[in-house]
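Coordinate-derived values only; no laboratory data. Everything numeric here is computed off the predicted structure, so don't read it as measured data. Ideal geometry is used to build each Cβ from the backbone, glycine not excepted, and the neighbour counts take in all protein chains shown.
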């Protein structure tokens, strides 16, 4: 249970729904309430589908590209660290969203799924975290991870559904503080992930 709880907390920090609130509001501002609800549902379902697929097919993907789990842990930890550094500065960062993707989002994508759901929320950091957690796990382990993903997506759905209220209550400063706190937790998690991968790649470091 501790490992699944750790995975859930890590995924919440990686997704950071508080960081997505201003972007979501900018996309949904001109939409009717019913259209906004459809957008929330579409974004949440897309994030769940991407991460559940990563849990189910992550290990075959690693085998296909010939990457070892320790190497992937180091690479995934580095991605998370870059995201954490951007979050500590209350910024989205290039790992989540490039300038071209930001322009695409501002142009008024009718679905809002790309690049809001992917890669802003379910991006490289969330996908790599899920693949690492699912590696060499049996059906029950994968099912538990998918359940954890579902819980995180339920939280994401709630935050996006209440984006107006949360945004008005917390304001820019409050949202930035929440993002920085999650960034601090993510920085610690990323260092731990890279350290574990390096110990497996270079056993001499563990002495």
In Å, what Kirkwood hydrodynamic radius results for the range 17-103 from the alpha-carbon pair distances? 15.6
Taking 2.2 N^0.38 Å as the expected size of a compact globular protein, what ratio does the Cα radius of gyration of the range 85-207 give against it, to two decimals? 1.27
So which residue, out of 123, 197, 137, gets the largest mean-square fluctuation from a GNM of the chain using Cα contacts under 10 Å as springs? 137
The simple spin-label model distance between residue 5 and residue 53, using points 7 Å out along Cα→Cβ, in nm, is 3.3
Please identify which residues in the range 14-32 have an amide N closer than 16 Å to a label point set 7 Å out from the Cα of residue 177, following the Cα→Cβ vector. 18-19
For the chain, alpha-carbon Rg over 2.2 N^0.38 Å: 1.03
Largest fluctuation, 121, 64, 11 only, Gaussian network model of the chain with Cα springs under 10 angstrom, belongs to 64
The percentage of Cα-Cα pairs in the range 137-207 separated by more than 18 Å is 66
Which order results if 193, 1, 87 are arranged by neighbouring Cβ count within 10 Å, fewest first? 1, 193, 87
Take residue 141 and residue 25, extend 7 Å from each Cα along the Cα→Cβ direction, and tell me the distance between the two endpoints in nm. 4.2
